[in-house]
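Notes for the one structure printed next.
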Amino acid sequence: MTAPSIFDLTGRKALVTGGNRGIGQAIAEALAGAGADVAITARDEGTLNETVSRLTALGRKAVTAALDVTDTARCGVVIAACAEALGGLDILVNNAGHEEVRPSLDVDEGLWDRVVSTNLKGAFFCAQAAARRMTEAGQGGAIINLCSLTSYVGIPTATPYGSSKSGLMGMTRALAAEWAQHGIRVNAIAPGYFHTGMTDAFYRDPEWQQTMLAKIPQRRFGAMEDIGGAVVFLASAASSYVTGHCIPIDGGYLASI
Ligand code: NDP
């Protein structure tokens, strides 16, 4: 008999916001691949339903729920309903995110609110709802936030996004410090450059691609398979003494600037 893997998530219940496409979908599949039952939420129910079959194909229970994370009252209701459907909640991945680039001199309140409400306010109220459930159950849990290179460096025309992702880094540290007493670990990952719906407009520009690749020591963009390992690590017993930290997944970008 082989010893159980410290990365094994069998029997764990996870929820991924924005789990219907892009990086969130890759995360949901990685968690299910490691054994977790997974709930995915997003605004678009069509892509939620397409993704759920990929999770059940891995032999896991999977549920979906429509949720706009800027609707903070709904965050609690939907997360409680998902936890009920899964039979608990051990892992939350705050992945839902929104980016709009615009010169800072032209940013208006609407843009600021769309970005910051999704990336920071939404993440906080989802974390709060999940932590309420986790503290009630008394088994602890793991919360993983999607930070960004903009949590570390300033990128022109991305001020609202960078502000939200830097705030999310601060939130990760504060909640880690506050909820350690409940056995809840709060960590983050910071993807580098990944080609998704969010970043597609950049990838259409070959000059942008060349400029960015020159800044990435591994000389390639991130692939979806690059994401799941760090999330499974942070969700599992393998990281039981890690809290309040962020793992960049960036091909060496931050190490070399
Ligand atoms: P996508 O645009 O492909 O996906 C964004 C996801 O967030 C979708 O699932 C979308 O679902 C969901 N979402 C957006 N707004 C809301 C909302 N108000 N309520 C609920 N769900 C919402 O982007 P990525 O996959 O690239 O991004 C995923 C995360 O990774 C984001 O937090 C992003 O900031 C972060 N990230 C991405 C990087 C990259 O290079 N791609 C780099 C660094 C960080 P729906 O529209 O159906 O609601």
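The values are calculated or read from the model by the stated rules, or taken from the named source; none is laboratory data. Remember, predicted model here, so these are calculated numbers, not experimental data. Cβ: placed from backbone, ideal geometry, glycine included. Neighbour counts: every protein chain shown. When the accessible area is computed, the model is the full protein with side chains, heavy atoms only, and any ligands, DNA or RNA have been set aside. Shrake-Rupley method; radii C 1.70, N 1.55, O 1.52, S 1.80 Å.
Numbers below:
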item: Value at 222 nm in deg cm²/dmol, rounded to 500, when DSSP H runs of n ≥ 4 in the chain each add -39,500 (n - 2.57); result: -12500 deg cm²/dmol
item: At R0 = 30 Å, FRET efficiency that the Cβ-Cβ distance of Ser256 and Ser5 yields, to 0.05; result: 0.35
item: Modelled FRET efficiency - R0 25 Å, Arg132 with Val242, Cβ distances, 0.05 increments; result: 0.65
item: Peptides 140-146, 210-216 ordered by average Cβ neighbours within 10 Å, highest first; result: 140-146, 210-216
item: Kirkwood hydrodynamic radius over Cα pairs of the stretch 124-172, then Stokes diffusion coefficient at 20 °C and 1.002 mPa s, in µm²/s; result: 177 µm²/s
item: Listed peptides 221-234, 172-185, 97-110 by packing density, highest first (mean Cβ within 10 Å); result: 221-234, 172-185, 97-110
item: The chain: Cα Rg divided by the 2.2 N^0.38 Å rule of thumb; result: 0.97
item: q = 0.15, 0.16, 0.17 Å⁻¹, the stretch 29-181: log10 I(q)/I(0) [Debye, one scatterer per Cα]; result: -0.83, -0.93, -1.02
item: Dipole of the stretch 13-256, positive direction: furthest Cα of Gly138, Gly170, Ala81, with charges on the beta-carbon; result: Gly138
item: Under 28 Å from Lys165, Cα to Cα: lysines that are on another chain or at least 8 residues apart; result: Lys13, Lys121, Lys215
item: C-alpha center-to-center spacing [the stretch 160-213, the stretch 93-158] in angstrom; result: 8 Å
item: For peptides 196-207, 3-14, sequence by mean Cβ density within 10 Å, most packed first; result: 3-14, 196-207
item: Dipole axis of the chain (+1 Lys, Arg; -1 Asp, Glu on Cβ), positive-most option in Trp112, Leu58, Phe233; result: Phe233
item: Relative contact order %, the stretch 13-256, counting alpha carbon pairs below 8 Å whose residues are six or more apart; result: 19 percent
item: Accessible solvent surface per residue of the stretch 13-256, calculated while the other protein chains remain in place, 1.4 angstrom probe, Å²; result: 43 Å²
item: Carbon + sulfur, % of accessible area of the stretch 1-144 - ligands and nucleic acids excluded, 1.4 Å; result: 50 percent
